[in-house]
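Structure, as structure tokens:
The values are calculated or read from the model by the stated rules, or taken from the named source; none is laboratory data. Keep in mind the model is a prediction, meaning the values are calculated, not measured. FYI the Cβ positions are ideal-geometry reconstructions off the backbone, even for glycines, and counts take in every protein chain you see. Note: accessible area is taken over every heavy atom of the protein model, side chains too, but ligands, DNA and RNA are not part of it. Shrake-Rupley method; radii C 1.70, N 1.55, O 1.52, S 1.80 Å.
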Amino acid sequence: MTAVSVFGAGSWGTALALLMARNGHSVALWGRQPEHIAKLAAARCNERYLPGFNFPDNLRVLADLAEAVRFAEVLIVAVPSHAFRSFLTNLTPHLSPKSKIAWATKGLELQSGKLLHQVIEDVLGPEIPAAVLSGPSFARDLAANLPTAVTVASRRIGFAKMLAGLLHNNRFRAYTTDDIIGVQLGGATKNVLAIAAGVADGLGFGANSRAALITRGLAEMMRLGLAMGGKPETFMGLAGVGDLILTCTDNQSRNRRFGLGLGKGLPRDQIVAEIGQEIEGIVTTKVIHQLAQNLGIEMPITEQTYKILYENLAPLDAVNNLLLREQKSETLAC
């Protein structure tokens, strides 16, 4: 048995806590809202974000950050990307020399465009063992104990293997890699493309359009990822094409549902309110678009998604802009 603390009591953090507890580990689930944590403690279930899954006895819920950090050496962060740096800053005074940190957040820092491992190095220093968990995984499927496979990436492969071992069971496979850049970019970029796929489906376009968008979206993901130091095999794996297919095709994806609403002409505020949880792709679209511009990387689907979200371009006009582009050869360089 290993002690593990999970930070972020939304659907994904709760699902990870359930997985670890079911694997026999002693787990603490921390949330920043005391009233929400009180409800979790009373109901022994996350009725707001992940209803229907009772907490095992070895899963406790905590509202005290210091207590949650003291509880375990392995710390898994599942807070939104916009809160990532501030959360780490609050975490810092409570860390011990034995602390190890992992994160399951799929995004980048808006203000700086940094990958989250860079934010960790800024705040916690380069010496702390750090790993990212990513791949095609919906919280409800994981909580329902449906077969799932993900990737754990760390520059310290020993920590990646340790974390994968804590997660692994007969329904959950965790693979390891040292490509921490590629895994993060795959997990972030797929949210942008899922919005685009949702827009296309919301407009009433068919399966042909969705398949084309996913395929050309993968080309965009790889162009950016390779330019930033990711490995080709990562983008052809679980954290790349696997996660991309999942989020572009299933309505459990908040990003896809957000795009669907936009394609149907619904007001943006209404869509966000109905979804009721963080939609990482909204912020990530802005960051990825800026990175592409800075690096001179052509990402037309991302560009049109950005214009829909931040320049009020009509979704149908964005599609027409894509279709009217100059004819090219189908290579990653085009």
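Could you tally the net charge around PRO136, taking each other residue with its Cβ under 14 Å from the Cβ of PRO136, Lys/Arg +1 and Asp/Glu -1? Provide the component values of the computation, followed by the final result.
Numbers: positive: LYS106, ARG140, ARG173, LYS190, ARG256; negative: ASP141, ASP243, ASP250.
Charge balance in the 14 Å sphere: +2.
For the range 220-334, carbon and sulfur atoms together expose 51% of the accessible surface, with a 1.4 angstrom probe and every protein chain in place.
Between GLN270 and SER112, what length in nm is gained on full extension when 0.36 nm per residue of separation is reduced by their alpha carbon distance? Numbers along the way, then the final one.
Numbers: separation 158, 0.36 × 158 = 56.88 nm, distance 2.89 nm.
Going from the current span to full extension adds 54.0 nm.
With Cα atoms defining each centre, the range 273-334 and the range 18-77 are spaced 37 Å apart in the structure.
Let me know the charge dipole size of the range 30-160 about its Cα centre in debye, to the nearest 20, where only the beta-carbon of Lys, Arg (+1) and Asp, Glu (-1) is charged. If you can, show how the numbers build up before the last one.
On the way: 14 positive and 11 negative charges, 24 e Å.
Dipole size: approximately 120 debye.
Taking every alpha-carbon pair under 8 Å whose residues sit at least 6 apart, the chain reaches a relative contact order of 14 percent.
Past 27 Å, Cα to Cα, is the threshold; run LYS190/LYS231; LYS39/LYS114; LYS98/LYS190; LYS231/LYS328; LYS114/LYS307 against it and keep the listed order. Before the final figure, lay out the partial values.
On the way: LYS190/LYS231 16 Å; LYS39/LYS114 35 Å; LYS98/LYS190 34 Å; LYS231/LYS328 25 Å; LYS114/LYS307 22 Å.
In this structure, LYS39/LYS114; LYS98/LYS190 lie more than 27 Å apart at Cα.
Here the chain is treated with +1 on each Lys and Arg Cβ and -1 on each Asp and Glu Cβ, and its dipole about the Cα centre works out to around 500 debye.
Under 8 Å for C-alpha pairs, at least 6 residues apart: give me the relative contact order for the range 124-186, rounded to a whole percent.
Relative contact order for the range 124-186 comes out at 34 percent.
In this rough spin-label picture, where each label sits 7 Å from Cα along the Cβ direction, the LEU146-GLN327 distance is 4.2 nm.
For a quick protection proxy, order the peptides 86-99, 230-243 by their average other-Cβ count within 10 Å, most packed first.
Working: 86-99: 14.0, 230-243: 22.1.
So the order, starting with the most tightly packed, is 230-243, 86-99.
List the residue ranges in the chain for DSSP H helices whose C-alpha atoms run 27 angstrom or more along the long axis and whose Kyte-Doolittle average is -1.0 or above. Sorted by number, the helices that extend far enough and score high enough are 180-202, 207-227.
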